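Below: the structure, in structure tokens.
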């Protein structure tokens, strides 16, 4: 019959179209097996990268620690940062010199006369004004602690030993350029611009100080 061949052709074309659609769907499924699986694989990779980076950072920190720790001051350096001095052997009117951070420190057990001499000076006569009381600890007026370095050019002034010149004011004298200091360690005459420096120190007991 005239209509049968056309019908068969149409049916055959429909079957081919259906088969082609199934093939495309199958290919799509093969390329992307399951959206959740692909996302899961990516998440696992990200986790591995993050975990690796975290362990790397910890390892780097651990390897740096010995270097950082080595920069801390050692026990002997810390010991040099401060000096303890027993004051009991120092008699009234006597001076001794100790070393602190590589510098000489003058310790003077002043007599009442030396204290009075320092406190009777009018402030307007001082090139670097400072009261005597401000340069000693309260209740410890006799103990004067000074860094023994001239504030002009860094020389060590005379006055610590018996027979040393103590200058015109009974304190210390720097012969290099003629700086005179009084019994409070204040500059009174000469080119030094400032008084002898008072270091940081504290009384640990009535007879022991720690410098630094």
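We did not get these values from a lab; they are worked out from the coordinates using the rules stated. Just so it is clear, the model here is predicted, and its values are computed rather than measured. Cβ coordinates were reconstructed from backbone atoms using ideal geometry, including for glycine residues, and neighbour counts include every protein chain displayed.
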Kindly establish whether residue 197 is under 17 Å from residue 106 (Cβ atoms), in contact (Cβ under 8 Å) with a residue 60 or more places away in the chain and touching a strand residue (DSSP E or B) at 6+ places or on another chain (Cβ under 6 Å). no
Considering residues that are part of a loop (DSSP other than H, G, I, E, B) and either free of Cβ contacts under 8 Å to residues at least 24 places away in the same chain or within 25 Å of residue 87 (Cβ to Cβ) (or both), the number found within the range 164-194 is 9
For residue 93, the lone unmet condition from (1) touching a helix residue (DSSP H, G or I) at 6+ places or on another chain (Cβ under 7 Å); (2) without any contact (Cβ under 8 Å) to a residue 40 or more places away in the chain; (3) under 15 Å from residue 170 (Cβ atoms) is (1)
Quick one: would you say residue 161 is surrounded by fewer than 16 Cβ atoms within 10 Å (Cβ to Cβ), under 31 Å from the mean Cα position of the chain (by Cα) and assigned to a loop (DSSP other than H, G, I, E, B)? no
